[in-house]
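Structure first, then comments.
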Amino acid sequence: MQGQVGSIWYDQKIDLNQSFDVVFDINLGCIDGNGADGIAFLSQPLSTSIGTSGGGLGYAGVTPSIAVEFDTYQNCCSNSTSNTAQDGNDPTQDHMAIMRSGSVNHLSNNNLAGPVDILQGRNAEDCTFHPVRISWNAATKKFDCYLDCVLKLTYSGDIIKDIFSGNPNVYFGFTAATGGSINVQQVCFKYISF
């Protein structure tokens, strides 16, 4: 359906002073040209809330937060300083990025890593589940994202201090959204280390 937004959350907060791995399979749908919008893996300390639909991928406006977005629709470019879903400054390809503070704008300083192709040179809306691993190393302060066993994104920084104002306790989960275009978007958990 058009204009939908939803989320699923782990029901207890996790402690970012501890390292973790989250492994899951992701399916971004089967509709390419008119398919949208994508899924985000999100950590935030406040509640099991959701953000905006469409290009907001369900996490836009949720702050403080850190997100790995899997974006299958180009929302682009009328205002390069905007944080609205309509002005995400998305590249043309299906892409992924690490974002903070509920921003979907890739030209803002809230874009921590990426964007990079989800599937190098290929459409990510391929009706196929792809394995994803998200890893946080608390000792080295390194946040990594692998897709199809390939390291796609890395962010090094003190997310507890710099993003969550010293609060190490966060919820994690997934948000997803559709706008004027639709797709069936799915996540299947495989492994959680905490």
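The values are calculated or read from the model by the stated rules, or taken from the named source; none is laboratory data. All values reported here derive from a predicted model rather than from experimental measurement. Every residue, glycine among them, receives a Cβ derived from its backbone with ideal geometry; neighbour counts consider all protein chains shown. Calculation scope for accessible area: heavy atoms of the full protein, side chains included, ligands and nucleic acids excluded. Shrake-Rupley method; radii C 1.70, N 1.55, O 1.52, S 1.80 Å.
Summary of values
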item	result
Semi-axis lengths (Å, descending) of the ellipsoid that matches the C-alpha gyration tensor of the chain	24, 18, 16
Distance from region 114-152 to region 52-71 (C-alpha centre basis), Å	17 Å
Equivalent-ellipsoid semi-axes of region 136-189, from the Cα gyration tensor, Å, largest first	27, 17, 11
Cα pair distances in region 84-143, grouped into 10 Å bins until the bin that holds the longest one, percent each	19, 42, 33, 5
Within-10-Å neighbourhood charge of Asn27 [Cβ basis; K, R +1; D, E -1]	-3
Backbone HN-Hα couplings from phi across region 9-17 [Karplus 6.51/-1.76/1.60, Hz, Gly and Pro as x]	9, 5, 7, 10, 5, 9, 9, 6, 6
Net charge over other residues, Cβ less than 13 angstrom from the Cβ of Asp158 (K, R count +1; D, E count -1)	+3
Nearest-10 value in Å² for the accessible area of Arg133, using the 1.4 Å probe	90 Å²
Mean accessible surface per residue for region 111-194, computed with a 1.4 Å probe while every protein chain stays in place, in Å²	46 Å²
Length-normalised contact order of the chain in % [C-alpha pairs under 8 Å, at least 6 apart]	37 percent
Accessible area expressed per residue, region 1-52, with surrounding protein chains retained (probe 1.4 Å, Å²)	47 Å²
By average C-beta atoms within 10 angstrom, highest first, the peptides 163-169, 24-30, 152-158	24-30, 152-158, 163-169
Gained length - Lys141 relative to Asn17, 0.36 nm times residue gap less alpha-carbon distance	43.7 nm
Accessible carbon and sulfur surface of the chain relative to its total accessible area, %, 1.4 Å	49 percent
Max mean-square fluctuation residue, GNM over the chain, Cα-Cα springs under 10 Å, options Ala138, Ala60, Ala176	Ala138
Structure-based [θ]222 nm, the chain - -39500 (n - 2.57) summed over DSSP H runs of at least 4, per residue, nearest 500	-500 deg cm²/dmol
